[in-house]
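Notes follow the structure.
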Amino acid sequence: MHWYERYISPLALIAGFIFDNLVLLRRVDLLRTNLLFFFYLIVAALGIVLINMIESGRIRRQWALTAAPIIPVIVQFAFGGLFSGFLSLYSRSAAYAVSWIFVIVLAALLLGNERFTRWYTRFPFQIAVYFGVLFSFLIFFLPVVFRQIGPAMFIASGIMSLIVISLLITILLRVAPETVKREQTRVARSIAIIFAVFNILYFTNAIPPLPLALKDAGVFHSVQHIDSTYALTYEAVPWYESYLRYNNVFHRAPGERVYVWTAIFAPSGLTTTILHQWQHYDTASKQWVTTNIAVFPIVGGRDGGYRGYSIGTAIVPGQWRVNVITQYGQVVGQVAFTVENVDTKVPLAQENQ
């Protein structure tokens, strides 16, 4: 195992990440997605209990002692699956200008997971990582279950995380009391720090607002709602530039309006309010100035996201951005573009969404 680990571990990491993203983790509200997360959490918890039962001498059978070196690897696999899934889901919901810290932490945990095998035998590290992944899961799982988002759901997620980790520690106190009592101060300190960090990140809007996710967005010359589709008119550009639509140049002819269109995914049954916050960069004060805010409700359930648009006011040349935010101020996404005035209309193309 030690000889081939250096080859198997990176390949398994890449294969698992691709499989989770393409097959299992397409939507946060799917039953198979949450069953997979529950499976990983149960496997990790059972592995932690077994490791401490063997180390404390509660289990002395030969099969358990033979399997002991493999159990931390299984725990590592479970945590790796959780890190992979969280990175996939949270990165889809992240506006990187705001939520980059949380996404980078998840990516670092995923990439560093293959180095943590020996650390998974250490009791404080086991509990700290388990509490972190449990909190990360409940942040989006409870809103899916209760069909609500906002600070109340986040606080409920934190309380439930503390309850579950307390139950796990209680079980460990029965099977490995010496270890728990010896490390209780470190464990309590780790949980308190992680809990505080999560709250700071959430209330500074650094945690992406899962289960909401921006599926598509862009700036357009016109948007028309026809039956069940939206006709979007945009500037014709080479195919390779179409991927840069989130930060492009809008050539505005006299009298033209500027539209920003978004498609926001929300779980089935969830209804909430979304804001389009239009901001222009003032070069004199070197600050973003809000010019107008459009508010509209969205209803969850559509795989492609709930579609809506807003129209800018007092449009002047320069840098613009439209923050797509929740009613609680969390940034779902952002559309950035530069407005340049022109004398005549530029060639336009159209697509239906």
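Odds and ends about this structure:
- If the chain linking A196 and E351 were pulled fully straight, counting 0.36 nm for each residue of separation and taking away their Cα-Cα distance, it would gain 51.2 nm.
- Label positions at A152 and Q62, each projected 7 Å from the Cα along the C-beta direction, are separated by 6.0 nm.
- Cα pair distances in the range 171-216, grouped into 5 Å bins until the bin that holds the longest one, percent each: 5, 18, 15, 14, 12, 10, 11, 9, 3, 2, 1
- Fewest-first sequence of T338, T272 by Cβ atoms within 10 Å of each Cβ: T338, T272
- Taking other C-beta atoms within 10 Å as the exposure proxy, D29, D282 rank D282, D29 from fewest upward.
- Note on I171 and D282: the extension gain reaches 34.1 nm, defined as 0.36 nm multiplied by sequence separation minus the Cα-Cα distance.
- Here the extension length gained between T185 and R257 equals 19.8 nm, from 0.36 nm per residue of separation less the Cα-Cα distance.
- Placing dummy labels 7 Å off each Cα toward the beta-carbon, the span from F38 to A314 is 5.2 nm.
- By the count of other C-beta atoms within 10 Å, a proxy for reagent exposure, T262, T229 are ordered fewest to most as T229, T262.
- Eigen-decomposition of the gyration tensor built on the alpha-carbon atoms of the range 213-352 gives equivalent ellipsoid semi-axes of 24, 19, 13 angstrom, largest listed first.
Every read-out reported here was derived from the displayed coordinates using simple, explicitly stated rules and does not represent laboratory data. Everything numeric here is computed off the predicted structure, so don't read it as measured data. Neighbour counts run over all protein chains shown; Cβ positions are idealised from the backbone, glycine included.
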